[in-house]
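The values are calculated or read from the model by the stated rules, or taken from the named source; none is laboratory data. None of these values were measured; they are calculated from a predicted model. Using ideal geometry, Cβ is built from the backbone for each residue, glycine included, and neighbour counts are taken over all protein chains shown. Side chains are part of the model used for accessible areas, which takes the heavy atoms of the whole protein and leaves out ligands, DNA and RNA. Shrake-Rupley method; radii C 1.70, N 1.55, O 1.52, S 1.80 Å.
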Amino acid sequence: DVIKGIIYLESGESTISEILAMLTEKYKSLSIGSYPTFDAGYRVRVVIRGREMDTIRLCVEDFLSQSREKGIDIIKKEIKEDDSI
């Protein structure tokens, strides 16, 4: 089964580009993407997909830690099975 971690942000994509680059290099077994929006109550949704729950959780926590260090506001996070595949 594929699992996904989703993080919703108030900040734009440019504020997280360095974090995403670092995580992509560090967690090579995961698929990491960012998806901007303009009218959904958040500005960017970061989606982290993979098959191992522990690795997804580590990556999500790593993202949250890096974001806090940079003062980036997180609206919410969730981890669940990816039912879109």
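Of note:
- Directionally averaged projected area (convex hull, Cα atoms, segment 1-51), nm²: 3.6 nm²
- Surface share of carbon and sulfur [accessible, 1.4 angstrom probe, percent] for segment 1-75: 45 percent
- For the chain, the longest principal axis of the C-alpha atoms and the axis of helix 17-26 are separated by about 20°.
- Using the 1.4 Å probe convention, the accessible area of the chain works out to 61 Å² per residue with neighbouring protein chains retained.
- Local electrostatic count, Y8, Cβ distance below 9 Å [Lys/Arg +1, Asp/Glu -1]: +2
- Taking all protein chains as shown and a probe of 1.4 angstrom, Y8 keeps an accessible surface of around 30 Å².
- 22 Å tail of the calculated P(r), the chain, as % of Cα pairs: 18 percent
- Of the GluC sites (Glu not before Pro) in segment 35-85, the ones in a loop by DSSP (not H, G, I, E or B) with at most 16 other beta carbons within 10 Å are E52.
- In percent, rounded to a whole number, the relative contact order of the chain is 47, using alpha-carbon pairs under 8 Å and six or more apart.
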